[in-house]
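We did not get these values from a lab; they are worked out from the coordinates using the rules stated. All values derive from a computational prediction rather than experimental measurement. Neighbour counts run over all protein chains shown; Cβ positions are idealised from the backbone, glycine included.
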Amino acid sequence: MEKIRVGVIGCGSIAQKRHLLEYASNDLVEIVAVCDLNEQRVSDVAMQYGVKAYTDYKELLTNIEIDAISVCLPNYLHAEVSIAALNSGKHVLCEKPMATSKEEAEAMIAAADENGKKLMIAHNQRFVSSHEKAKKLIAAGEIGKVYSFRTTFGHGGPERWSIDGKGSWFFRKEQAFIGAMGDLGVHKSDLIRYLLGKEVVEVGAMVETNAKEETSVDDNAVCILKLEDGIIGTLTASWAYSPQSDNSTVIYGEKGIIRLEDDPDYSLILQYNNGETIKYELPQIQSNEKGRQTKTHVIDHFIDCIVDNTLSPVSGEEGFKSLAVILAALKSKETKTIVDLKQLLQKEKGIKL
């Protein structure tokens, strides 16, 4: 079988610590090119992997040897570069959030459809062992009807992980568009949709900038979400959780509670109403913390859907629905109202919530 030839656009931390490492470990992949505006950075990465270096993504996209692209760029470039890659006949794996508006997201989905190429959004929390197990338990009725949830993602901020530290694009609104809500919150909106198999229908949010200096994007947000069937819960995203990060989710049902990544030793704990408790020993969720850069499985799923010609496991439509929750949170903050997601997105073509 011929290998899938891959190019990576953007050589920052997410590319170096996840995409490139996981492509290199996949036997079905050959990395052939990397691109970054920083000449020294792209030269160093290209030398490390023995591939061609580009400083202009448009030039990279003319390389007919490349089958697929990873888009690992600041948020405001996600749609532009993804659409260009799809139009050049490449499959695309785009980092989250997939876009900065519903119009951009819709254009990305249309480009994938028109060109017959795969578009996948890198929502890696779906592939965490505890989350996959929890989805099966919930679907099997282990905790009965779901009533509520809380899901949280917080750490000390991107300056601790971004290749550019405090000077990172994450803190510049013109490049990031949104702060902790786009960096972390969108992971959790995607996760809760995945776990419960229900869509978010209403969003209320308080979104603030109160922890970081010299930034125009949010660093703390608390949202109340209402899902189909009346399920309600909270979503929290923060760049102010220091020194201890939190990436936990708790699901409350009629028969018991499922705790995910909420215990230092057990990634999933199932507590029944009768007092019985089951503790599952599963691989821990990936973290940006030193020593916990474990495999996300995003790359493997992306490559498999290309090789097997199957549906993308996190399609553009799925990525958009998770982004829509974050867009609604911003709208809620601006208007100080509860936002009806269906009403907000009613003009969208081909996307049903």
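Per-structure values
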{"quantity": "Rounded to 5, percent antiparallel among DSSP beta bridges of the chain", "calculated": "55"}
{"quantity": "Per-q log10 I(q)/I(0), the range 6-66, q = 0.27 Å⁻¹ (Debye; single scatterer per alpha-carbon; no solvent)", "calculated": "-1.20"}
{"quantity": "Amide H contacts under 5 Å for VAL201, placed H, 5+ residues apart", "calculated": "LYS226, LEU227, GLU228"}
{"quantity": "Percent RCO, i.e. relative contact order, over the range 157-218, from Cα pairs under 8 Å lying at least 6 residues apart", "calculated": "37"}
{"quantity": "Overall form of the range 131-268 per C-alpha gyration tensor (a/c, 1.5; a/b vs b/c)", "calculated": "prolate"}
{"quantity": "Value of relative contact order over the chain, rounded to a whole percent, pairs C-alpha under 8 Å and six or more apart", "calculated": "19"}
{"quantity": "Approximate spin-label separation TYR280-LYS145, in nm, with each point projected 7 Å along Cα-to-Cβ", "calculated": "2.4"}
{"quantity": "Under 5 Å, built H, 5+ apart or other chain: amide partners of MET120", "calculated": "VAL92, LEU93, CYS94"}
{"quantity": "In sequence order, calculated HN-Hα J values of the range 261-275 (Karplus, 6.51, -1.76, 1.60; Hz; x Gly/Pro)", "calculated": "6, 10, 9, x, 10, 10, 6, 9, 10, 10, 10, 8, 4, 7, x"}
{"quantity": "Rounded Å value of the spacing that divides the Cα centres of the range 83-128 and the range 234-257", "calculated": "28"}
{"quantity": "Which listed pairs, of LYS52/LYS102; LYS255/LYS333; LYS102/LYS333; LYS212/LYS321; LYS102/LYS135; LYS135/LYS342, have C-alpha distances above 23 Å, in listed order", "calculated": "LYS52/LYS102; LYS255/LYS333; LYS212/LYS321; LYS102/LYS135; LYS135/LYS342"}
{"quantity": "Net charge of Cβ neighbours under 11 Å - reference HIS297; Lys, Arg +1; Asp, Glu -1", "calculated": "-1"}
{"quantity": "Isotropic mean projected area of the C-alpha convex hull, the range 1-125 (nm²)", "calculated": "7.4"}
{"quantity": "Under the Karplus curve 6.51 cos²θ - 1.76 cosθ + 1.60, θ = phi - 60°, whole-Hz ³J(HN,Hα) for the range 220-236, x wherever Gly or Pro sits", "calculated": "8, 8, 10, 10, 10, 10, 10, 9, 4, 6, x, 5, 10, x, 10, 10, 10"}
{"quantity": "Per-residue HN-Hα couplings for the range 164-175 [Karplus 6.51, -1.76, 1.60; θ = phi - 60°; Hz; x = Gly/Pro]", "calculated": "9, x, 5, x, 5, 4, 3, 8, 9, 4, 5, 9"}
{"quantity": "Residues whose placed amide H lies under 5 Å from that of LEU282, excluding near-sequence neighbours", "calculated": "SER267, LEU268"}
{"quantity": "Kirkwood Rh and Cα Rg combined as Rg over Rh, evaluated for the range 199-292", "calculated": "1.04"}
{"quantity": "DSSP H segments from the chain that extend 24 Å or more along their own axis, Cα-based, with Kyte-Doolittle mean of -1.0 or above", "calculated": "316-335"}
{"quantity": "Entries of LYS58/LYS336; LYS118/LYS188; LYS188/LYS331; LYS3/LYS279 with Cα pairs more than 30 Å apart", "calculated": "LYS58/LYS336; LYS3/LYS279"}
{"quantity": "Equivalent-ellipsoid semi-axes of the chain, from the Cα gyration tensor, Å, largest first", "calculated": "32, 22, 21"}
{"quantity": "Gain upon complete extension [LYS173, GLU208; 0.36 nm per residue less C-alpha separation]", "calculated": "11.2 nm"}
{"quantity": "Cα gyration tensor shape of the range 118-162, rounded if a/c is under 1.5, else prolate or oblate by comparing a/b with b/c", "calculated": "oblate"}
{"quantity": "Binned Cα-Cα distances of the range 212-254, short to long, each 10 Å bin given as a whole percent", "calculated": "20, 42, 26, 10, 1"}
